[in-house]
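See structure below.
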Amino acid sequence: MNSYKLSIAYDGTDYYGFQKQKNKPTIQGKLEDALDLLIDSYELDYSGRTDAGVHARSQIVNIKTNFVLDSKKISSLNKILGNSISINSLKSVSNNFHARYGAIERSYKYFVRDSKSNYPHLNKNSHQHHSVINLEDLNAVAKLFIGEYNFSSFSRVEKFNNPYRRIQSSSWIKKNEIYEYTIIANSFLRNMVRNIVGVQLACIDQKVSQKDVLSELKNPSGERLNFIAPAHGLILWKVKY
């Protein structure tokens, strides 16, 4: 059995997330349709699900198969996949490699423009926030999330095996008209990153206070902070093993 690690980038605009769903276009579904044309049997795993409309710069997929995958087959796969999905690297790995459980660090980026930035060509992969943004204020809120906390108030999941996550880095920078947020953790709950971004934007709009954010991190009330940022500004950036 051969085991391969693939790095896949995709534009999630027209897909209902990564994970395969019946009668809906997904990244996994399109990838498996392409694989089925080239190899007869395989096992496929991945580093984590992304929601509908979320993009990826480097989603990691692990394929186990008796067939040999090489650069020629990857080129053929990319032609079948079209413009919205691209396999950007292929590496042989141990059969013990696990794309999800072997990951020790995941990073996401979220891209925001303020009310003054009217650039239609950026609409597909950045969110336009309809108020003025202050970078210093954003970073004051962002640093609150660093550390290990119960993030149940920042996820849409109602029941958790373990709602605790350790955030290693949480910060904003500005590049030209774009505010770029980077968050790094061992793993994330469902919708957690988008909720964290939405709460930060709500904070600078004075819809919620930093005190409220800290309170929900340290002593969750059971009520979700309902400020979820749109999916199209989010990109799964990197997975580390």
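The values are calculated or read from the model by the stated rules, or taken from the named source; none is laboratory data. These figures come from a predicted structure and were not determined experimentally. Counting neighbours? That spans all protein chains shown, and the Cβs are built from the backbone with ideal geometry, glycine included.
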Quiz prompt | Qualifying residue in region 71-89 (condition: in contact (Cβ under 8 Å) with a residue 40 or more places away in the chain, touching a Phe, Trp or Tyr at 6+ places or on another chain (Cβ under 8 Å), farther than 24 Å from Tyr16 by Cβ and surrounded by 17 or more Cβ atoms within 10 Å (Cβ to Cβ)) | solution = no
Practice problem: Of all residues in region 10-25, count the ones that are in contact (Cβ under 8 Å) with a residue 60 or more places away in the chain and not hydroxyl-bearing (Ser, Thr, Tyr). | Solution: 3
Self-check item: Neighbours by Cβ (under 9 Å, 6+ apart or cross-chain): first from region 212-232, at pLDDT 85 or above; second surrounded by fewer than 12 Cβ atoms within 10 Å (Cβ to Cβ) and hydroxyl-bearing (Ser, Thr, Tyr)
Solution: Ser215/Ser221
Practice problem: Select, from Ser169, Ser107, the only residue that is modelled with pLDDT of 90 or more, surrounded by fewer than 17 Cβ atoms within 10 Å (Cβ to Cβ), under 18 Å from the mean Cα position of the chain (by Cα) and not in a loop (DSSP other than H, G, I, E, B). | Solution: Ser169
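Within region 205-235, can you find the residues that are β-branched (Val, Ile, Thr) and either farther than 27 Å from Ser115 by Cβ or out of contact with any His (no Cβ under 9 Å at 6 or more places or on another chain) (or both)?
Val208, Val213, Ile228
Yes/no matrix, rows are residues, columns are (1) in a loop (DSSP other than H, G, I, E, B); (2) of a type in the set (A, V, I, L, M); (3) over 24 Å from Val239 (Cα atoms):
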| residue | (1), (2), (3) |
| --- | --- |
| Lys72 | no, no, yes |
| Asn78 | no, no, no |
| Asn83 | yes, no, no |
| Tyr101 | yes, no, no |
| Glu136 | no, no, yes |
Quiz prompt | Meets criteria (aliphatic (A, V, I, L, M), surrounded by fewer than 16 Cβ atoms within 10 Å (Cβ to Cβ) and under 20 Å from Arg57 (Cβ atoms)) for Ile196 | solution = no
